[in-house]
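The values are calculated or read from the model by the stated rules, or taken from the named source; none is laboratory data. In this text the structure is predicted, and so the values were computed from the model without any measurement. Counting neighbours? That spans all protein chains shown, and the Cβs are built from the backbone with ideal geometry, glycine included. All accessible areas refer to the heavy atoms of the entire protein, side chains included, with ligands and DNA or RNA removed. Shrake-Rupley method; radii C 1.70, N 1.55, O 1.52, S 1.80 Å.
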2 protein chains.
Amino acid sequence: MNTPAIILVRPQMGENIGAVARAMSNFGLSDLRLVAPRDGWPNEKARDMAAGAHHIIDNAQIFSDFPAAMHDIEIAFATSARLRDLEKRVVEPTEAMQEIHAMVADGRHCALVFGPERTGLENDEIVLADTLITIPTDAAVNASLNLGQSMVVLGYEWFRRLEARPHFNVPEQSAALASKEELHGMFSQLEDYLDGINYFRVDAKKPVMWRNLQNIFVRSRLNTQEVRSLRGLFRDLYLRRKTTAEE
Amino acid sequence: MNTPAIILVRPQMGENIGAVARAMSNFGLSDLRLVAPRDGWPNEKARDMAAGAHHIIDNAQIFSDFPAAMHDIEIAFATSARLRDLEKRVVEPTEAMQEIHAMVADGRHCALVFGPERTGLENDEIVLADTLITIPTDAAVNASLNLGQSMVVLGYEWFRRLEARPHFNVPEQSAALASKEELHGMFSQLEDYLDGINYFRVDAKKPVMWRNLQNIFVRSRLNTQEVRSLRGLFRDLYLRRKTTAEE
């Protein structure tokens, strides 16, 4: 699949390049482009920090200027912590990634562009971007997101929208939930026991007390095995109590 | 405002504790709790890595065991890269944060719990969590997200849902967009010029060509000043051309 290119313009710290590569890898991105990295290339610190993402570091393309790195890009989104004095649309990551997914589905080549750590992109570079992305952060805080953190946010927003990725809402090998019949069987067993020990004491209070008790087990969405375990537990408790009472 | 506590259970690397504090700070979180940090406390590496978030490091609470760190917590979400053999609901960050926001609005105390870097939480710790959070990542990649990266994703999901935070969709000092009248004034000036130089050549082709040309400027959503600039540009081009043609 065509995935967005990640373009780092004049990145300074090798560690940050590595952190970007690592986040790219975690979120299914692979096309890394570096414009004039300050400390040259290759860079061992970038490789060390990339953890399992050496392939991204090794396949990174190096360019001497920003327009060259954009040669085959149709639509570029530039990250910017500041609002510049330019008429440029600014969106948040959610909106940006919805658009990027739609454009990628149309076969368009997109890029996410990050400026140098300290200064960000120059105005004459920002003007080449179609849209700016601002990641919402607490304005009261001095330290803005670093390159690696920004890549995590955008990578996450990219990946979570992929239709082919696995979803985890339901555990894969989850046991079937107990049927209502199984649950009611457990309840009537328990109710017999409770009546047998005069648990509810005052008849008038029983309905509410018993409803609240049942609700605890309903809410926990028991599976068949758990119902069996609980029935055994109630039975053992009840029988032990009876024995004690008989002594 | 009541915000979720962040509980790191037996964290190993001071750098990771610092990266978590930094991300917390960027996303408006401050209640950091550490359970038995491996290298003791305080930890200089944590402080260094926290950048502008020293206050979070300095105010971190230390506990000897996980239940103690949870003493005032009503609802705990634990992050887990793996699905454990436990009947526990697993959600993704988006869903988790929708729920946490709703619970915080109800005055409930929530926590996000992270296990040790290498091993994750033990099963007897996971069982204390109400819900598990899994951050979707590329399953083909060996390196999972580290503590700091996971905190960035969850902090981002927390912060972007805050109603009081600033939104950036519209640049604050944006100039007013040009009125349609201004735009049409520019178009009729341009059309006169183009007709004057017989730009369209074949009359039958003009409607489509002209529509496509206008569309370029409509799409760019010009402001008043930009319309003035373009009108000047067209005029200057047209006049220069006429002069050339007359030579």
Within segment A:137-157, is even one residue under 30 Å from A:SER229 (Cα atoms), more than 17 Å from the chain's Cα centre (by Cα) and at pLDDT below 85? no
Filtering segment A:41-79 for residues that are open to solvent by less than 30 Å² (accessible area, probe 1.4 Å), farther than 27 Å from A:ALA105 by Cβ and modelled with pLDDT of 95 or more leaves a count of 3
Can you tell me which residues in segment A:137-161 are more than 7 Å from every other protein chain (Cβ to nearest Cβ) and under 20 Å from A:MET103 (Cα atoms)? A:MET151, A:LEU154, A:GLY155, A:GLU157, A:TRP158, A:ARG161
State whether one or more residues within segment B:196-204 are within 30 Å of A:THR131 (Cβ to Cβ) and either open to solvent by less than 70 Å² (accessible area, probe 1.4 Å) or in contact with a helix residue (DSSP H, G or I) (Cβ under 6 Å, 6 or more places away or on another chain) (or both). no
Scan segment A:92-127 residue by residue and report those that are among the charged types (D, E, K, R) and in contact with a helix residue (DSSP H, G or I) (Cβ under 8 Å, 6 or more places away or on another chain). A:GLU117, A:GLU125
So, of the residues in segment A:112-136 that are within 12 Å of another protein chain (Cβ to nearest Cβ) and not in a loop (DSSP other than H, G, I, E, B), which turns out to be farthest from A:GLY18 (Cα to Cα)? A:THR131
Report yes if some residue within segment A:18-30 is under 18 Å from A:ILE100 (Cα atoms) and surrounded by fewer than 24 Cβ atoms within 10 Å (Cβ to Cβ); otherwise report no. yes
Of everything in segment A:215-234, what is open to solvent by less than 60 Å² (accessible area, probe 1.4 Å), assigned to a helix (DSSP H, G or I) and among the polar types (S, T, N, Q)? Give them in sequence order. A:THR224
Restricting attention to segment A:180-195, which residues are closer than 27 Å to B:ARG89 by Cα and surrounded by fewer than 15 Cβ atoms within 10 Å (Cβ to Cβ)? A:LYS180, A:GLU181, A:HIS184, A:GLY185
